[in-house]
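Take a look at the structure set out below.
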Amino acid sequence: MSSLALKPGQPRAIAFAPDGVRTDLRLLEVDEPLLQEIIQKGVVIKGGEEDEAILVTSRRTYAMKVVETTNLQLLVGPQQQENEAEQTLDKSEDVAAAVAVAAEVPGYGSGLMTQWNHFRSASCQDPIKVNATSTSHIELVEVAPRLEALRGLLWQRPYGIDDERAEAERGGTEMGEAAGRTAAGYTFEGLLAMVQASPEELRAALVSEGALELGGCWRAVDPNYLGSLLELVLLTVEQDSMTLSALRASRLEASLQPEGYRPALVRHCLSVYGKPVVTDSLADGTEIVGQDLWCLDETKVCIHFAHKVMGGRAMLLSEFNVAWRNAVPYGMTPSLGMLRSEALIDGSGAEARISSFPASALPRDPGERFAALFGRRARWEWTTLEPYLEGVQVPGQSAEALLMRFARASQLTPDAPLVYSVR
């Protein structure tokens with residue numbers, strides 16, 4: 001506490017500020033890295049009238065917990081340090097005077113003399129002024145971003161073929177009345193103001209939701225529209241004799257633009273169902289400029305056709321397997337292992353039935369997700385349940401900890417696998 005010029009053996013008196021003491025200040029407990037983040041980049045406190053307030057940095061989200069204390073905390077401002085030589089001289093004179101007085105007082109012990117010296121030393125300096133008091137502080141606990149509002153905002157009006165036609169007719173988009181919102185979606189700044197997440201977490205969530213940025217506005221994309229586009233891409237690949245592991249985005253964009261598909265949508269489709277290939281040139285020596293070469297992901301493509309075959313209904317597993325194999329592109333081999341967290345199989349043997357149940361459609365909140373899971377099926381084996389917990393983010397808590405909190409385990413027999421049901 002060098003700003004107060006405190007030293008061992010040199011006590012200071014305190015006094016409340018004569019113009020009043022503030023009680024409206026809130027103390028925030030942070031570690032050194034977070035302190036530097038606050039100083040260098042700043043933080044934002046978010047929350048509506050019915051929301052719990054959170055603090056977000058550029059990368060993380062923190063819940064704000066008020067911690068009460070029985071001790072009164074005194075808050076003081078920086079003090080003017082007095083001249084050290086003057087302090088030493090004053091103290092020497094006071095000590096000498098105290099010794100002289102003590103020598104004339106019968107029974108004056110050394111303990112009392114020490115206390116008297118401390119009192120005299122403290123009274124010779126200006127008291128430390130207390131400007132504010134507090135009986136609590138705010139503690140920060142890292143939490144998962146609260147993204148429930150994001151899904152609702154993005155899916156208010158997903159992008160579809162009607163948008164292509166409307167944009168062609170009016171030649172652009174028009175601004176709406178709401179801040180950060182346009183007739184074609186929300187800007188990133190608008191979403192950031194409404195969603196309780198850091199900028200980095202929000203960008204990751206937009207990718208996870210399959211959102212697309214067009215003209216500075218973010219939109220979800222209609223799954224049926226995106227699926228139809230994928231199938232057109234596959235048809236174009238076959239017609240142009242391209243391989244699924246080396247798709248030229250520029251060629252696909254040029255081929256599909258006359259069909260009404262914007263180049264940005266074609267590239268977005270490739271990013272959802274594939275991944276870019278890092279290379280400088282093709283086998284025939286053709287130079288690749290920018291991120292133009294893509295490879296379709298077999299699992300993602302097969303999952304698309306699996307949902308298309310099921311069509312939102314339960315069907316016999318044996319019939320599904322035949323229809324699925326016939327639906328996927330030539331050269332791809334579907335397997336039920338691809339459908340972890342995408343579909344559920346009920347029953348066994350010849351009567352087994354399969355139905356769509358994608359984890360991406362479930363709530364992100366752990367409590368709400370477990371409620372949805374147990375609403376669909378009363379009992380879960382771990383091998384089936386685990387894929388549905390991979391998207392649940394709770395800093396500092398493992399999947400096992402979440403199970404202990406929201407589910408209970410049981411065994412029908414000692415050698416049977418664990419089964420989880422609602423707690």
Label model pair residue 44, residue 345: point-to-point distance (7 angstrom along the Cα→beta-carbon line) in nm is 4.6 nm
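From largest accessible area down, sort 133, 23; use a 1.4 Å probe on the protein chains.
Descending order: 23, 133.
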Output row, site residue 228, 7 Å Cα→C-beta label point, backbone N cut-off 20 Å, window the stretch 241-270, residues 252-270
Any residue on another chain or 5+ positions along whose placed amide H is under 5 Å from the amide H of residue 159 is listed here as 220, 221, 222
Simple SL model, points at 7 angstrom along Cα→Cβ for residue 207 and residue 31; separation in nm is 2.5 nm
Order by accessible surface, 1.4 Å probe, largest leading, for residues 159, 273 comes to 273, 159
Of 212, 74, ordered by accessible area with the largest first and a 1.4 Å probe, the sequence is 74, 212
Ignoring ligands and nucleic acids, residue 14 exposes an accessible area, probe 1.4 Å, in Å² to the nearest 10, of 110 Å²
Under 11 Å by backbone N from the virtual spin label 7 Å along Cα-to-Cβ at residue 378, the residues of the stretch 385-423 are 422
Expressed in square angstrom to the nearest 10, the accessible area of residue 335 with a 1.4 Å probe stands at 50 Å²
Rounded to 0.05, the calculated FRET efficiency for the beta carbons of residue 245 and residue 22 at R₀ = 45 Å is 0.10
SASA check, residue 302, accessible area w/ 1.4 Å probe, all protein chains in place, rounded to nearest 10 Å², comes out at 0 Å²
With x for Gly and Pro, the residue-by-residue ³J(HN,Hα) of the stretch 18-34, computed from phi through the Karplus equation 6.51 cos²θ - 1.76 cosθ + 1.60 at θ = phi - 60° and given in whole Hz, is x, 8, x, 10, 7, 10, 9, 7, 10, 8, 10, 8, 9, 8, 5, x, 5
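The values are calculated or read from the model by the stated rules, or taken from the named source; none is laboratory data. In this text, all values refer to a predicted model and were calculated from it rather than measured experimentally. In this analysis, Cβ positions are derived from the backbone assuming ideal geometry, glycine residues included, and neighbour counts consider all displayed protein chains. What goes into the accessible areas is simple: the full protein's heavy atoms, side chains included, and nothing from ligands, DNA or RNA. Shrake-Rupley method; radii C 1.70, N 1.55, O 1.52, S 1.80 Å.
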